[in-house]
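Undergrad: One structure, pasted below without further comment.
Every number here is computed from the coordinates shown, using simple stated rules; none is lab data. As the structure is a prediction and not an experimental result, all values here were calculated from the model. Here Cβ is always computed from backbone atoms with ideal geometry, including for glycine, and neighbour counts include all displayed protein chains.
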Amino acid sequence: MQRFALFAASILLLVFTGPGFAQERVRQPPGQSSDQPAPKVKVVVPAPAAPVADQNAEDRRTFARRPSPEEDAIRETAKKYIAAFTAGDAKAAAGIYTADAEYIDPHGVTYEGRQAIEDLLATFFKTHPERKLDLLIDSIRIVSPTVAIEDGVSIVTTSKETPPQSFQYTAVHVKSDGHWQTASVRDRVLNSPRQHRAQLSQLDWLIGDWVHEGDDALVHFSCHPVDNGHFLARKFTVQVAGQHTMTGVQRIGWDPLAGKFRAWVFDSDGGFSEGYWRHEGDDWILKLTGVTPDGQSASCTSIYTFVDGRTMTFRSVHHEVGGIELPDSAPVTIVRQPPQIETTAQ
């Protein structure tokens, strides 16, 4: 039973770390026969990695100047608008605009006044119940104590089956009675849009902290956007029977030449792999090929199924190491919020 748990854990790790680590984990520890159970060792849970979802803002703080309180206030306005847009609350979304604001859509049509903008949003929300919005702010310029200009890219998704659309926008904000409101927004179609960030929004369900806890293995990964939102980084930590800890990262990006999501995986034992993600029905499928730490070729196919906001499942199939085919894994459940685990004093 213990050997089966270790083997199942090794298949699980394939999803996070690539082919190298799985091959290493199925070996018996030195001095232990194949039919002897491994000793029970309490798993010590590492503290989850700090979220890096706002990595772009942190980069600006580190390498440029720190945003002013006025810029922070304008960013908060953008967050409120996104929340209202996602909730389908046209009145709240229009509430960020001044009473005489104007919105110019990508076709050059102008909507004048807050009420006209609210009516436009209400119609859009009703037509697209699965809509989603993301705003990627490129710059905020404070041109006077009461006027600011914001430039960025808006990414609008209308359904799971429809690719996201990207628009370049310019917004003019005014400050009145101590509060910033939006006086004007103009959307423009990108002449040569880079679809990296828009395409990656299809994988937003991966973002966050996730954990799988087995009988004697624990896997934790944290997924967040990096590099101006053009990539996702999935940092992982693995413990098996308290005997070995592995860390590493998987980077996911959009390949515009192939029209696919690519993945690159590197682990702390020296294994690495690369491959492609693809979407089939309710499943996301990751096919990886790589090299183990001791130089053997390896490959696997991992199948993810998004269940709900807190749960996903996966299974591994077509797993080979050094030309030897390994059994497929049974479905495994991964949860977003890790359970409270008793830790061992160090």
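Undergrad: What does the charge add up to near Gly281, with Lys and Arg as +1, Asp and Glu as -1, over the other residues with Cβ less than 14 Å from its Cβ?
TA: -2
Undergrad: OK, next. Restricting to lysine pairs 8 or more places apart or on different chains, what number in segment 55-194 have Cα atoms under 14 Å apart?
TA: 5
Undergrad: Give the Debye-formula value of log10 I(q)/I(0) at each listed q (0.13 Å⁻¹), with one equal scatterer per alpha carbon of segment 55-194, two decimals each.
TA: -0.58
Undergrad: On to the next question. Hey, how much of the P(r) for segment 226-346 falls beyond 16 Å, as a percent of Cα pairs?
TA: Roughly 72 percent, once rounded to a whole number.
Undergrad: Follow-up question, since we're still on this one. If I stretch the segment between Ile149 and His128 completely, what's the gain in nm (0.36 nm per residue apart, minus their alpha carbon distance), one decimal?
TA: Difference between extended and current length: 4.6 nm.
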